[in-house]
Structures are given as structure tokens and as C-alpha cells.
1. Lysine pairs in region 5-78 with Cα distance under 23 Å, only those 8 or more apart or on different chains: how many are there?
2. Express in % the proportion of alpha carbon pairs of region 29-82 at distances exceeding 13 Å.
3. When Rg and Dmax of the Cα atoms in Å is calculated directly from the model, which label among (i) 14.2, 44; (ii) 13.7, 47; (iii) 13.4, 41 fits?
4. Using only Cα atoms, find the angle between the long axis of helix 49-62 and the longest principal axis of the chain, and express it within 0 to 90 degrees, rounded to the nearest 10.
5. List the GluC sites (Glu not before Pro) in region 28-97 that DSSP assigns to loop (not H, G, I, E or B) and whose Cβ has at most 11 other Cβ atoms within 10 Å. Which are they?
6. At most 15 other C-beta atoms within 10 Å and a DSSP loop state: those are the exposed chymotrypsin sites (Phe, Trp or Tyr not before Pro) I care about. Give me the longest piece of the chain that has none.
7. Under the 0.36 nm per residue contour assumption, what length would be gained going from the current alpha-carbon distance of I49 and L21 to full extension?
Amino acid sequence: MNYIGTQNFETKRCFLRRIKLSDYTMMYENWAKYDEVCRYYPFNPVDDIEIYRDKVKHWISNYESGSYFHWVIEWKETGELIGTINLGNVEEACHMCDTCYMLYAVSRILE
């Protein structure tokens, strides 16, 4: 398997891009602190923005490996961050992985 790491993608309405440290505030405000958003994600809502900042720093440091795949989803029209998507449990032998995503208030953005 040839790993290319987290590459940026563009769709008609969104940018899927690497997470930047400056994203942590909007990520926290838009979804990381809400029970209803984090319910099915592998972490509980975060009460302290600085704890979430450290989590984002950790994710960013993983990009160096080339085998880490984690994007923030940015709404083109407004620049608002509406979620994340990542690949996990990569199984090289059978070329499979799990896809996890979190979306926040997409219906609000489409109004």
C-alpha cells in the first residue's frame, strides 16, 4: 500500500483539508463541546477549549507519518468548519479501513 497522507480535496461546496491549529476554536464552538454531536464519536464532549486545542495539536503532529488521514470539512461559501472525516483501522493486507465522520449543523448552513 502506498500511503500519500492527508491530501487536500475540493468538492462543489466544500474543501476537505488538513486541520490547522487555528481551526481549534471553530471546531470547539461548532461541535466538540456538544453531547449530541459527540455521542457516537470516540471522545466525549470537551468542557475546556484548551484541552481541545491540545487534542488538535496531537492530530496535526500525526500528519508527519504519511499514514494518517484526517480532514476538516470547510464550507466554501462561508469558510465555516462543518465537520471532520478520518480513516482509521487501516488494514493493509486487504486494503480496507473504517471511515468516521462528524457533521455539524449542515441544515443550518444550507438555509
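None of the figures in this text is laboratory data; all of them are computed from the coordinates on show. What you are looking at is a predicted structure, and each value in this text was computed from that prediction instead of being measured. Neighbour counts run over all protein chains shown; Cβ positions are idealised from the backbone, glycine included.
1. Summing the qualifying lysine pairs gives 8.
2. Distances greater than 13 Å cover 68 percent of the Cα pairs.
3. (i)
4. So the inclination is approximately 20 degrees.
5. Passing both the DSSP loop test and the Cβ count: E77.
6. Result for the longest clean stretch: 44-111.
7. Stretched out fully, the I49 to L21 stretch lengthens by 8.8 nm.
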